[in-house]
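Have a look at the structure below before the remarks.
The values are calculated or read from the model by the stated rules, or taken from the named source; none is laboratory data. Computed from a predicted model, the values in this text were never measured in an experiment. Quick reminder, even Gly has a Cβ in these numbers, built from the backbone with ideal geometry, and neighbours come from all protein chains shown. All accessible areas refer to the heavy atoms of the entire protein, side chains included, with ligands and DNA or RNA removed. Shrake-Rupley method; radii C 1.70, N 1.55, O 1.52, S 1.80 Å.
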Amino acid sequence: MPLRDALEDLRTFRSFRFDAPRQLATEAAANAIRPSTESVETRPPPDLDEIADRVRRALGTGVQPTSSDLLRAPWCIWDGKRPLAEEPALLDGYLRLVESLSRKSHFRRLAAAYAVRFPENSKALRPVAECLARLAPKFTGAWSAAHDSLRVFDAVEAPVRIASAAIVRRLSPSELLSDEGIGNLAAEAGLAEAAFAEGLRQIGAVEMEPGHRLDAVRSWCGQRKGGASFEKHRGLIADALVLPHAGKMPEKPVRDRMLSFLLGKFGDPRTREARWSPMNCTGVVKRWLIEQSLRQFLDVVDEIALERHWKYRRAFWTAVYNRNLISDACVIFDKVGEARARRMFDGGTPFSTWIRGGSKPIERGHSCLLLRIGNGLVAEWSHKGRCNIWHDALDPSAPELHAENYMSSDVMVPDSDRRWTRRAYNHVPPDGYSWQSKVADEIFALTNTRIMQSEYTVR
């Protein structure tokens, strides 16, 4: 199956069921000639530094290290207090010795250390890979067969080949290598991890529908066991999912599912900035979340508001959003609004809730939309509530966005004083354009951008 078709088909992985023979004749024949499984030694010996010192002294004096030290020396290349990789001449001498001896046991141990560590940023990776590539044809076995089929000893090509083959065969990289006869190589092993990252790049590069890409990313990530590597590659995961669609926003239902997946794995980028620092797509995700918060507020309140009133507010705030003037947003719901939001949006969609207290009683269905616009903040209440505007987010009376709970007075402006500018406007008349022009003036003061009436005229 071509790679592109396999990527597209990941969304239907395991969705079909059919009766098949327990083992095909061709598979049985292949298994009969398949090399026996190589069990990979995955941990360095405890006396690593002593081994490295003995190997260093022996090679420095022109003496061959002992057989025991040569078997364990591959772990000294990248591990220990003084890795051999930091001494190019010493490493070159060791690799030339391994190649000249041409012993399968040395080859297998070196191949295992290479696959487990596979440090892509190490200058030593390439000479080790080249040494193994020259030795591979001299031996039979799983490592040599894997190099024939997947170029595992080509430091550049190996992750690409493994990722492509794993996607086509619907396996994780470590499962693919196990199928090739290289057993017990963990998903966190360097070579498998490099292939996992490469698979994400391939998923991000292939053209496909947003929903299919979400299924592909979920399937690829779902095949990994262990959270450490998943966490390490969170930037690639998010970017593979989002960046291909940065120019054209996906349809709302798919976009909501994408946001639910990302926020479920990595948290909200508006409140967990450190976790989102590796992502290049953070700005795109934040803009999607702003649109989602605005849509939450408008759609939920839409169910209970008078249509002839609410359509004017929807038109106005949509015009502000379309001008890209909103840099952050969140919504506050009561229990009625919360229930509606959970019914209308994915369960992972974030919002805040009211708590008892404050100067204004919360009516049934009362909601509030908090917006960061320019240097200021806006609290737009539903029902007959006012539009509250703080001209400076540093104003001590201004609310913080994305708190878990709010009292009513938290999102209502107090009287202005000499230091801080604050405004509040009633939506009067509710089905006209008087209040909009006043709020548009405030937004102009905050952003130096004028929202024209033609942009929010109800048609």
Given the conditions (1) open to solvent by 60 Å² or more (accessible area, probe 1.4 Å); (2) closer than 16 Å to F297 by Cβ; (3) acidic (D, E), and given that D334 satisfies all but one, which numbered condition is not satisfied? (1)
Residue in segment 85-124 that is farthest from the chain's Cα centre (by Cα), counting only those that are of a type in the set (K, R) and under 21 Å from V40 (Cα atoms): R103
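For segment 437-453, name all the residues that are in contact with a helix residue (DSSP H, G or I) (Cβ under 6 Å, 6 or more places away or on another chain) and surrounded by 14 or more Cβ atoms within 10 Å (Cβ to Cβ).
The one that is in contact with a helix residue (DSSP H, G or I) (Cβ under 6 Å, 6 or more places away or on another chain) and surrounded by 14 or more Cβ atoms within 10 Å (Cβ to Cβ): I451.
Determine, yes or no, whether K248 is open to solvent by 40 Å² or more (accessible area, probe 1.4 Å), out of contact with any Pro (no Cβ under 8 Å at 6 or more places or on another chain), on the phi < 0 side of the Ramachandran plot and in a helix (DSSP H, G or I).
Here the answer is no, as K248 does not meet what is asked.
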Considering residues of segment 66-100 that are assigned to a loop (DSSP other than H, G, I, E, B) and among the basic types (K, R) only, the residue least open to solvent (accessible area, probe 1.4 Å): R82
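Could you list all residues from segment 110-127 that are within 24 Å of D179 (Cβ to Cβ) and either among the aliphatic types (A, V, I, L, M) or touching a Phe, Trp or Tyr at 6+ places or on another chain (Cβ under 6 Å) (or both)?
If the condition is that a residue be within 24 Å of D179 (Cβ to Cβ) and either among the aliphatic types (A, V, I, L, M) or touching a Phe, Trp or Tyr at 6+ places or on another chain (Cβ under 6 Å) (or both), then L110, A111, A112, A113, A115, V116, R117 are the ones that fit.
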Tell me the residue from P210, P253 that is free of Cβ contacts under 8 Å to residues at least 12 places away in the same chain and farther than 30 Å from L132 by Cβ, please. P253
Number of positions in segment 316-347 that are out of contact with any Ser or Thr (no Cβ under 7 Å at 6 or more places or on another chain) and under 23 Å from N375 (Cα atoms): 11
Of the residues in segment 255-292 that are touching a Pro at 6+ places or on another chain (Cβ under 7 Å) and of a type outside the set (A, V, I, L, M, F, W, C), the one that is most open to solvent (accessible area, probe 1.4 Å) is K286
Is there a residue in segment 53-65 that is of a type in the set (S, T, Y), open to solvent by 10 Å² or more (accessible area, probe 1.4 Å), within 23 Å of E41 (Cα to Cα) and without any contact (Cβ under 8 Å) to a residue 24 or more places away in the chain? no
List pairs: first in segment 395-410 and more than 12 Å from L377 (Cα to Cα), second basic (K, R), Cβ under 8 Å, 6+ apart or cross-chain? H402/R270; M407/R356; S408/K360; S409/K360
Filtered residues of segment 391-415 (kept if surrounded by fewer than 16 Cβ atoms within 10 Å (Cβ to Cβ) and acidic (D, E)): E400, E404, D415
